[in-house]
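Visitor: Mind looking over this structure? Questions follow.
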Amino acid sequence: FDVVDLIRAKRDGRPVDPRAVDWLVDAYTRGLVADEQMSAYLMAVVWRGMTPAELDRWTAAMIDSGERLDLTGVGRPTVDKHSTGGVGDKVSLVLVPLVAACGAAVPQLAGRGLGHTGGTLDKMEAIPGWRADLSAARMRELLAEVGAVIAAAGAGLAPADRRLYALRDVTGTVESIPLIASSIMSKKIAEGTSALVLDVKVGSGAFMTSVDEARELARTMVRIGVAAGVRTEALLTGMDHPLGRTAGHALEVAEAVETLRGGGPADLVEVTVALARVMIDLVAAELGHRSGALHDPAQVLAAGDAFAVWRAMVAAQGGDPDAPLPAASHVETVPAPATGHLHRLDARAVGLAAWRLGAGRVRKEDAVSATAGVRWRVGIGDPVTAGEPLLELHTDDPASVERAREALAGAVEVAATPPPSTPLVLDHIS
Ligand code: URA
C-alpha cells in the first residue's frame, strides 16, 4: 500500500480497504510509516471519522500489535471496568475488591494520570510497599486466589496505542470519538477480560462535557467490545462535581478504605454499587454455579466482605494494609464565601488545584506527590457558614498553595437553598 494514497483517500472521505487499515497500523508500529504521515492520517480521521467496519478493523490491528492475555482457566468469570476519568474518581479502589467479593475476578490493568485527573496506579502507590508491576503468570494466580488485581499494563499490550496516543497528544488529534474508542478498547480487549463495563464520565471535570457526546462515545465503545466478543455495557455518570470528598492519592485511598469498611460518601457508594451491579449482571450466568454466594453488591459492601478482599489484594502486591498512609506536612484551608448551602464545587478547578499542589504531572515521566490534594469538608447541598473552613489544601510544598488558590477562584458557589438533586447515573447503554 502507498501511505500517501491512503492519506488522500481518508482526506477525501473515500472508503479505505480493510487490509490497508491492518497494514497502516502495523507499519506505523514498526516504524515504517513516518510520524508526519500518521499525523496527517489521524487529522483526516478527526474530520472524516471511520465506518463501524473500519473502526473494528483498526481496533483489531491495534490489539494485534501486541499480546492478548489469556485469562481462561482462572476459575472465575472475568469482568473489568474502565472509567474515562474524573476528579476524585477512586471508584476502582472500592469496585475491584467489591466485585471480587461477589465471586467474579477483576483483572484491572490501569494507567497513571496525566492532566487534571489522577490515575488509579498513582493512588495505589500511596500505600507503603505496594507495587504495580506483575507478570502475567502472577496476575493469573492472584485472579484465581484473591479475585482482584490492579496492576500496570505492560509494554506488550497494544503497543500501537502507546505510539499513536503520544503522537495524538502533540498533534491535536486526541478529540475524535473513533480514535478515543479504539485506544481505550484495544487496551481493555488485549487485557483478556470476558466482560467489561465502561464508566463514561460527563461534566466539567470529564473528558466529555456533554451528555450527547458521552453517549456517542459509550455506544461506539460498546459496539466495538461486542464485535470483539467481549460482553460490554456502559453507564454515563455525572462529573460536574468531583466524586466523594477528596482528590489526591493518599487522601483518596483513605476515603476508599472508609467506603470499603461500610462508610464513605453517598455519591461514591452510589456510583460504585451501580457499576458493580452491571458487572455482576454481565457474568451472572457463570456466577450462578457458585452456590451460597451473596451477590448483591450493596449488601456485600455493607457486610465488610469487600474490605477483606482489599486487604488480601494490597498484601499480595507487597503493600501493608495496616500501615499509616503518608500525610502532607502542610495543610491550609479555604473559607466558605457565604452562608447557605454548597451549591456548586467545580470538578475541573478542584482537579487543577490538586494537580498544582503536587498530585499531578506535566510530563509522563514526572513523579507525583502521594500526599498532595484537596479535601472538601461538606458535600454538595450541605449547609455552610460564611468564613468556616470549607476546603483543605494538602501539600509538602507550601509555595504551591497560592497557585492552588488561584485555580479555585470562582469554583465554589454557596446559595440560599440546596441545588435540585440530579441523578448520578445518567444512562445505561447495553
Ligand atoms: N484515554 C485513552 O486511553 N485513550 C484516549 O484516546 C483517550 C483517553
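The values are calculated or read from the model by the stated rules, or taken from the named source; none is laboratory data. Here the structure is a predicted model, which means the values were calculated and not measured. For neighbour counting, all protein chains shown are included, and Cβ atoms are generated from backbone atoms with ideal geometry for every residue, glycine included.
Visitor: L121 - would you say it is over 16 Å from the mean Cα position of the chain (by Cα), touching a residue at least 24 places away in the same chain (Cβ under 8 Å) and in a helix (DSSP H, G or I)?
Guide: It is false that L121 is over 16 Å from the mean Cα position of the chain (by Cα), touching a residue at least 24 places away in the same chain (Cβ under 8 Å) and in a helix (DSSP H, G or I).
Visitor: Is one or more of the residues making up the range 173-190 more than 13 Å from the ligand (Cβ to nearest atom), at negative phi and either at pLDDT 95 or above or more than 18 Å from the chain's Cα centre (by Cα) (or both)?
Guide: No, that holds for no residue.
Visitor: Counting only residues that are under 23 Å from T29 (Cα atoms) and within 16 Å of the ligand (Cβ to nearest atom), how many does the range 110-168 have?
Guide: Qualifying residue count for the region: 20.
Visitor: Moving on to the next point. If P107 satisfies every condition in (1) within 16 Å of the ligand (Cβ to nearest atom); (2) within 30 Å of V21 (Cβ to Cβ); (3) assigned by TED's automatic domain parsing to the domain that holds P159 but one, which is the exception?
Guide: Every condition holds for P107 apart from (1).
Visitor: Picking from A234, A218, which residue would you name as being assigned to a helix (DSSP H, G or I) and small (G, A, S)?
Guide: After ruling out the rest, the residue left standing is A218.
Visitor: Of everything in the range 218-273, what is touching a strand residue (DSSP E or B) at 6+ places or on another chain (Cβ under 8 Å), β-branched (V, I, T) and either within 22 Å of A411 (Cβ to Cβ) or surrounded by fewer than 24 Cβ atoms within 10 Å (Cβ to Cβ) (or both)? Give them in sequence order.
Guide: V222, V226, V230, T237, T246, V271
Visitor: OK, next. Filter the range 67-89 down to the residues that are outside any strand (DSSP E or B) and of a type in the set (S, T, N, Q), then identify the one that is surrounded by the fewest Cβ atoms within 10 Å (Cβ to Cβ).
Guide: T72
Visitor: Which number in (1) under 30 Å from M279 (Cβ atoms); (2) not in a helix (DSSP H, G or I) marks the one condition that S92 misses?
Guide: Looking at each condition in turn, S92 falls short on (2).
Visitor: Moving to a separate point now. Quick one: in the range 315-358, of everything that is surrounded by 16 or more Cβ atoms within 10 Å (Cβ to Cβ) and of a type in the set (V, I, T), which residue is nearest to L393 (Cα to Cα)?
Guide: For the range 315-358, the residue satisfying everything is V334.
Visitor: Here's a follow-up. State which residue is farthest from L69 (Cα to Cα) when the search covers only the range 191-209 and only residues that are among the hydrophobic types (A, V, I, L, M, F, W, C), in a strand (DSSP E or B) and within 13 Å of the ligand (Cβ to nearest atom).
Guide: M208
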